[in-house]
Structure formats: C-alpha cells, structure tokens
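Undergrad: Right, I'll just put the structure down here and ask away after.
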Amino acid sequence: GLNGGGSAYNGSIGSNPSVLDTAGRQVISQASISLEVDTVSTALTQVETMAEGLGGLVDSMSSSGEQNQQQATIIIRVPQDQFLTALDKLQSMGTVQNQDIASQDVTQQYIDLQAQLNSAQLEKQSLQAILDKAQTVGDEIAIQEQLTQVESQIESLQGQINYIQNRVNMATINVTLNGPTQNVGQPPSASLTVAVSNVDSSFASVKQLVSGLSGIIDSSSISLS
C-alpha cells in the first residue's frame, strides 16, 4: 500500500502542532507534458532512466501506433524537490507541444484528517480502558463492537493521510511522446490545352503515351461544337 515515504510529518504533528508550522505547507504538484521526439521507443527509455535517476519511479506506461505514427504515454513519480528538474530534463528530450503544471494545497485537509485520527486514537484508548473494567459479557460485546468501529475508522484515516503524504512527497508527471509528424507528399498536377488538327488521332496518341508511362486515364470526354 501507499506509505509516507519518510515524511517529516509522520506521527508527531498531533502532539506538537509547531512541527507543521516549521515544515511548511503541504502541496501536491503534478504536470502533463506532450513532446514530439525523433524516436518514441528511445525517448520512452530516456524518460524512465531519468525518473529513476532522480530517485523516482514509473507509475505506468503504454504505447500504440505503427512505426510511422507511434505514440506513448508514461506516468512518472519523482521526489517533490526534483519536480522542476524533471520537467527541464523532459523539455530537452524533444519539442514541447503542450505543457500544463498544477499544484494543490492540501494543508488544511491534512490537518483535519490528523485531528480526526488523534480523536479516534483517544477514543480507542478510552474504550480499551472501559473494556478492561467491563462487568458482564453483554458489556464486553457492546464495547468490543464500538472498538471495532473505531479501529476501522483509524485505519481509514491513516490510509487517507498516507495517501496525501505520498502525493506530496512524490510529484506526478504525465508524459505523452509523439513521433515526428509525417508529411504525406502530394503528386504534381498540371493543366494543358493544345490546339490540334485531328482530335481523334491526337487523343489516340495521348492514350498511347499514358500507357507507355504506366499511367491511367482518369476520365475522358469529347464534345462537338
């Protein structure tokens, strides 16, 4: 599952609120970038190597298309302090087509979840103390049910906190790689009007010429005037 990844906020904030003040705000950074590259497969390897070199990882990867129209998507996670460095390195790998950078301040959400967790942990301690002094089996069952609910709540809150810590610690970058745009050439065309003395024989000569050049007659018409 997700974990805090060694976050400075792990465990001590509730008992010491000043830790959050000195640690600063919690911000989730994410970006999307589209690049045109010479060779998609090579660029894909470069992105993966770059992410791992910065202490990050590849979240997912996919590719599609034929050799002349390849496209690939790779989602990487890098440490927060390497976020801008990763973007700079990506920009140097090809021509930037689109780029979008966003940040989400989750400080208040984190504080609220931590407060709820601390409250649930205190409730758990209180229920355990009451359980130890229970006089009847019925009391024990009722208290145990409450205890199970609180433990489930604690697990859920801790999971949400860990998720936020993970997203804060490791920024997400969605990279789309596109192969070079293929310019499909258009065949040359021309128009020619020629005055001849005998239309039938000239037309026959044109057909012979086209046939000799491995061509085809697209359409023909004769009008009388």
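The values are calculated or read from the model by the stated rules, or taken from the named source; none is laboratory data. These figures come from a predicted structure and were not determined experimentally. Neighbour counts are summed over all protein chains in view; Cβ atoms, including those assigned to glycine, are modelled from backbone coordinates with ideal geometry. Calculation scope for accessible area: heavy atoms of the full protein, side chains included, ligands and nucleic acids excluded. Shrake-Rupley method; radii C 1.70, N 1.55, O 1.52, S 1.80 Å.
Undergrad: Looking at ASP100, ASP88, ASP112 in this structure, which one is closer than 30 Å to GLN149 by Cβ, of a type outside the set (Phe, Trp, Tyr) and out of contact with any Lys or Arg (no Cβ under 9 Å at 6 or more places or on another chain)? If you could, list the steps in order and put the result at the bottom.
TA: Details: ASP100 fails: closer than 30 Å to GLN149 by Cβ; ASP88 fails: closer than 30 Å to GLN149 by Cβ.
The conditions single out ASP112.
Undergrad: Something else now. For the stretch 148-192, give me the residue count where each residue is at pLDDT below 95, more than 30 Å from THR85 (Cβ to Cβ) and open to solvent by less than 70 Å² (accessible area, probe 1.4 Å).
TA: Residues in the stretch 148-192 being at pLDDT below 95, more than 30 Å from THR85 (Cβ to Cβ) and open to solvent by less than 70 Å² (accessible area, probe 1.4 Å): 1 in total.
Undergrad: Collect the residues in the stretch 194-219 that are part of a loop (DSSP other than H, G, I, E, B) and open to solvent by 80 Å² or more (accessible area, probe 1.4 Å), keeping them in residue-number order.
TA: VAL194, ALA195, SER197, LEU213, SER214, ILE216, ASP218, SER219
Undergrad: Scan the stretch 120-141 for residues that are of a type in the set (D, E, K, R) and open to solvent by 90 Å² or more (accessible area, probe 1.4 Å) and jot them down.
TA: ASP132, LYS133
Undergrad: Moving on. At least 1 residues that are modelled with pLDDT of 90 or more, open to solvent by less than 20 Å² (accessible area, probe 1.4 Å) and aliphatic (A, V, I, L, M) in each: list the strands (runs of 3 or more DSSP E) lying fully within the stretch 1-114 that qualify. Steps first, answer last, please.
TA: Numbers: elements: 27-36, 57-64, 71-79, 95-105.
Qualifying strands (runs of 3 or more DSSP E): 27-36, 71-79.
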